[in-house]
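Q: To start, I am sharing the structure in question, which I have written as structure tokens.
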Amino acid sequence: LAKTTQPISMDSYEGQEVNITCSHNNIATNDYITWYQQFPSQGPRFIIQGYKTKVTNEVASLFIPADRKSSTLSLPRVSLSDTAVYYCLVDLYNQGGKLIFGQGTELSVKP
Amino acid sequence: DARVTQTPRHKVTEMGQEVTMRCQPILGHNTVFWYRQTMMQGLELLAYFRNRAPLDDSGMPKDRFSAEMPDATLATLKIQPSEPRDSAVYFCASGLLAPANTGELFFGEGSRLTVL
């Protein structure tokens with residue numbers, strides 16, 4: 001399974017765009033890149049998933065370069081409620097694999 | 001609004017006691033995961049099932065933990081005997097593995113276990 005590396009923590013202010021980059025140098029051809037968000041005392045929640053290039057939904061955008069060795073989760077105009085831990089995963093889940101969570105990035109949004 | 005339901009939400013027990021946590025996955029989902037979360041270790045995968053069959057339980061201490069899916073609407077995680085180091089939040093998650101599916105997992109609210 002591909003190992004992911006993300007910053008342990010990040011700080012931001014309300015209204016700013018936040019970009020969290022994840023490295024996955026050993027990503028396999030069939031791996032997808034998935035991001036989850038976890039608030040205190042809650043289970044993780046799916047944010048976005050992609051395979052290559054760019055994916056956008058109502059919550060975030062995911063940028064994946066051509067070599068797929070990294071990915072960047074972009075949160076536009078964050079608010080205090082975006083304070084959470086963000087996990088990057090690469091996995092074969094769509095093909096029957098298992099989801100392994102890394103350490104995640106603790107995002108703190110300040111007023 | 002479909003969701004994964006876990007019981008109990010909180011459990012305090014004494015060392016040596018048996019603990020059973022239950023999970024009701026979302027109806028129609030064919031994959032169930034059990035995770036454990038602690039401050040030190042983060043989210044650890046304990047076991048997962050597909051179509052009720054166990055696929056991987058290598059993350060579980062085999063001598064004291066067991067996970068089963070007696071039917072499609074119930075997954076159980078049992079600890080016997082429990083130890084203080086088992087204190088953690090245990091999450092159950094379910095998903096639908098199907099062609100063209102995003103592979104999104106839906107997590108329950110967790111069972112917070114404290115072993116004294």
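Q: Being more than 10 Å from the chain's Cα centre (by Cα) and polar (S, T, N, Q) is the filter here; which residues of the stretch B:1-19 pass it? Explain how you work it out, then say what you get.
A: Taking the stretch B:1-19 as the starting set, the residues that turn out to be more than 10 Å from the chain's Cα centre (by Cα) are B:1-5, B:7-19.
The answer is B:Thr5, B:Thr7, B:Thr13, B:Gln17.
Q: While we're on this one: Check A:Gly43 against each of (1) buried (at least 20 other Cβ atoms within 10 Å of the Cβ); (2) without any contact (Cβ under 8 Å) to a residue 40 or more places away in the chain; (3) within 13 Å of the chain's Cα centre (by Cα) and name the one condition it does not meet.
A: Unmet for A:Gly43, out of (1) buried (at least 20 other Cβ atoms within 10 Å of the Cβ); (2) without any contact (Cβ under 8 Å) to a residue 40 or more places away in the chain; (3) within 13 Å of the chain's Cα centre (by Cα): (3).
Q: Then there's this: With a cut-off of at least 2 residues that are closer than 21 Å to A:Asp11 by Cβ and at the interface with chain B (Cβ under 10 Å from one of its Cβ atoms), name the strands (runs of 3 or more DSSP E) lying wholly within the stretch A:25-111.
A: Result: A:32-38, A:84-91.
For every residue, the table says whether it meets (1) over 27 Å from A:Leu89 (Cα atoms); (2) surrounded by 12 or more Cβ atoms within 10 Å (Cβ to Cβ); (3) without any contact (Cβ under 8 Å) to a residue 40 or more places away in the chain.
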residue: B:Val32; (1), (2), (3): no, yes, no
residue: B:Gln37; (1), (2), (3): no, yes, no
residue: B:Met40; (1), (2), (3): no, no, yes
residue: B:Phe49; (1), (2), (3): no, yes, yes
residue: B:Ser58; (1), (2), (3): no, no, yes
residue: B:Asp86; (1), (2), (3): no, yes, no
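Q: Of all residues in the stretch A:17-27, which are closer than 18 Å to A:Lys3 by Cβ and surrounded by 15 or more Cβ atoms within 10 Å (Cβ to Cβ)?
A: Of everything in the stretch A:17-27, those that are closer than 18 Å to A:Lys3 by Cβ and surrounded by 15 or more Cβ atoms within 10 Å (Cβ to Cβ) turn out to be A:Ile20, A:Thr21, A:Cys22, A:Ser23, A:His24, A:Ile27.
Q: On to the next question. Out of the residues in the stretch B:70-116 that are of a type in the set (S, T, N, Q) and touching a helix residue (DSSP H, G or I) at 6+ places or on another chain (Cβ under 9 Å), which is nearest to the other protein chains (Cβ to nearest Cβ)?
A: To start, the set of residues in the stretch B:70-116 that are of a type in the set (S, T, N, Q) comprises B:73, B:76, B:80, B:82, B:87, B:94, B:101-102, B:111, B:114.
Adding the requirement that they be touching a helix residue (DSSP H, G or I) at 6+ places or on another chain (Cβ under 9 Å) leaves B:101-102, B:114.
Details: B:Asn101: 7, B:Thr102: 5, B:Thr114: 14 Å.
Within the stretch B:70-116, the match that is nearest to the other protein chains (Cβ to nearest Cβ) is B:Thr102.
Q: While we're here: How many residues does the stretch B:56-90 contain that are in contact with a Cys (Cβ under 8 Å, 6 or more places away or on another chain) and within 13 Å of B:Arg36 (Cβ to Cβ)?
A: Qualifying residue count for the region: 1.
Q: For the stretch B:58-69, give me each residue that is at pLDDT below 90 and away from every other protein chain (no Cβ under 11 Å).
A: B:Pro61, B:Lys62
Q: Determine whether the stretch A:28-35 contains at least one residue that is free of Cβ contacts under 8 Å to residues at least 60 places away in the same chain, surrounded by fewer than 20 Cβ atoms within 10 Å (Cβ to Cβ) and over 19 Å from B:Gly42 (Cβ atoms).
A: The initial filter retains those residues of the stretch A:28-35 that are free of Cβ contacts under 8 Å to residues at least 60 places away in the same chain, namely A:29, A:33, A:35.
Right, trim to surrounded by fewer than 20 Cβ atoms within 10 Å (Cβ to Cβ) and you get A:29.
Adding the requirement that they be over 19 Å from B:Gly42 (Cβ atoms) leaves A:29.
Yes: one or more hits.
Q: Determine, yes or no, whether A:Ala84 is more than 22 Å from B:Gly108 (Cβ to Cβ), modelled with pLDDT of 95 or more and touching a strand residue (DSSP E or B) at 6+ places or on another chain (Cβ under 7 Å).
A: In short, no.
The values are calculated or read from the model by the stated rules, or taken from the named source; none is laboratory data. A quick note: this is a predicted structure, and the numbers were derived from the prediction, not measured. Counting neighbours? That spans all protein chains shown, and the Cβs are built from the backbone with ideal geometry, glycine included.
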